[in-house]
Amino acid sequence: MKIKNLTNLQEVKEKGLAKIKPNRPKIAVGMSTCGAGSGGTEVFSEFEKQLKKQKLDALLVKTGCFGNCAAEPMVNIFLPSNPMIILSQVKPADVKNIVKAILENDISGLKPLCKIEEWDHLTEKVFYGQGFEETPLWDEIDFFKGQVKYVLRNCGLINPLDIEEYIGVGGYEALYKALRELGPEESLKEIKESGLRGRGGAGFPVWLKWHLIRENKVEPKYIICNADEGDPGAYMNRNELEGDPHMIIEGMIIGGYISGA
């Protein structure tokens, strides 16, 4: 579908939300660098085999890193009208019992790391369900306690390769607003008022960088995604690119529109 107006965007959004909360079981395997490096590829392949073998009609997808790399491979399980549960350090040998538990609609024995009842994607809120009282919420466990996710809000929860899921959680609505409602000058003003800064050590104001490029009248201009992680200990960019690439693309389009690149 070519998106020409807000109605088209809303139609795709509804499709994306139907994938995020389908009316059948959904299994999402963490397949970022940390997940794949910990055995996620083998886990995903085993799920494909067991779903076919046990004849379970479930949606199987790949997702990014939810943030706790030491817990990978992580697997999200969603049963309609229930909270999403997150399993940690899943091995191929575990998959048979996981599929069996989903098939029997009894996942009490899976011992999840945590659960998600609702999630604020900032551009869209998704309510999964309530239940599994014995399982802690994601922000009640030690690793995530006190964390508030902004840049990484979608990572580990959506299929990064599916544009419809990104649109489902409000993706590309900011681009629509910039192109059709605000224009470049008002968009720049809104970014300035937001206080948005770069994620590098300097924390350079985004609005100022884009303003300086906009004021520079040379042609042509290019916008480049700098995702270098060469600095010792740097881990700023991989999660976004692997877990939420459309966020980067949308930001680049808005930046190019405002700066004239």
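Some observations on this one:
- Residues satisfying the stated conditions in the stretch 181-230, i.e. in a loop (DSSP other than H, G, I, E, B), in contact with a Gly (Cβ under 7 Å, 6 or more places away or on another chain) and aromatic (Phe, Trp, Tyr): Phe204
- Flag for Tyr150 being among the hydroxyl-bearing types (Ser, Thr, Tyr) and under 10 Å from His121 (Cα atoms): yes
- In the stretch 204-223, the residues that are without any contact (Cβ under 8 Å) to a residue 12 or more places away in the chain, under 29 Å from the mean Cα position of the chain (by Cα) and surrounded by fewer than 10 Cβ atoms within 10 Å (Cβ to Cβ): none
- Exclusive hit being of a type in the set (D, E, K, R) and under 30 Å from Tyr176 (Cα atoms), set Lys15, Lys49: Lys15
- Checklist (1) at negative phi; (2) touching a Cys at 6+ places or on another chain (Cβ under 8 Å); (3) not charged (D, E, K, R) applied to Ala58, failing item: (2)
- For the stretch 112-145, a residue qualifies if it is outside any strand (DSSP E or B), touching a helix residue (DSSP H, G or I) at 6+ places or on another chain (Cβ under 8 Å) and without any contact (Cβ under 8 Å) to a residue 40 or more places away in the chain, and exactly one does: Lys145.
- The set of residues in the stretch 16-30 that are surrounded by 15 or more Cβ atoms within 10 Å (Cβ to Cβ) and assigned to a helix (DSSP H, G or I) comprises Gly16, Leu17, Lys19, Ile20.
- The stretch 16-40 residues that are of a type in the set (D, E, K, R), paired with ones that are surrounded by fewer than 17 Cβ atoms within 10 Å (Cβ to Cβ) and assigned to a loop (DSSP other than H, G, I, E, B) (beta carbon under 6 Å, 6 or more apart): Arg24/Asp57
- Leading residue by the ranking (farthest from Ile116 (Cα to Cα)) among those in the stretch 127-184 that are among the polar types (S, T, N, Q), at pLDDT below 95 and in contact with an Asp or Glu (Cβ under 8 Å, 6 or more places away or on another chain): Gln147
- Unique residue being closer than 22 Å to Leu122 by Cβ, among the charged types (D, E, K, R) and out of contact with any Phe, Trp or Tyr (no Cβ under 7 Å at 6 or more places or on another chain) when the list is Asp228, Asp244: Asp244
- Test: residue in the stretch 170-184 that is over 15 Å from Ile249 (Cα atoms), under 24 Å from the mean Cα position of the chain (by Cα) and among the small types (Gly, Ala, Ser): no
- Looking across the stretch 232-250 at every residue that is assigned to a loop (DSSP other than H, G, I, E, B) and under 20 Å from Gly67 (Cβ atoms), the one that is modelled with the highest pLDDT is identified as Asp244.
The values are calculated or read from the model by the stated rules, or taken from the named source; none is laboratory data. Every value quoted in this text rests on a predicted model; they were computed, and no experiment measured them. Here the Cβ is made from the backbone with ideal geometry for all residues, glycine too, and neighbour counts use every protein chain on show.
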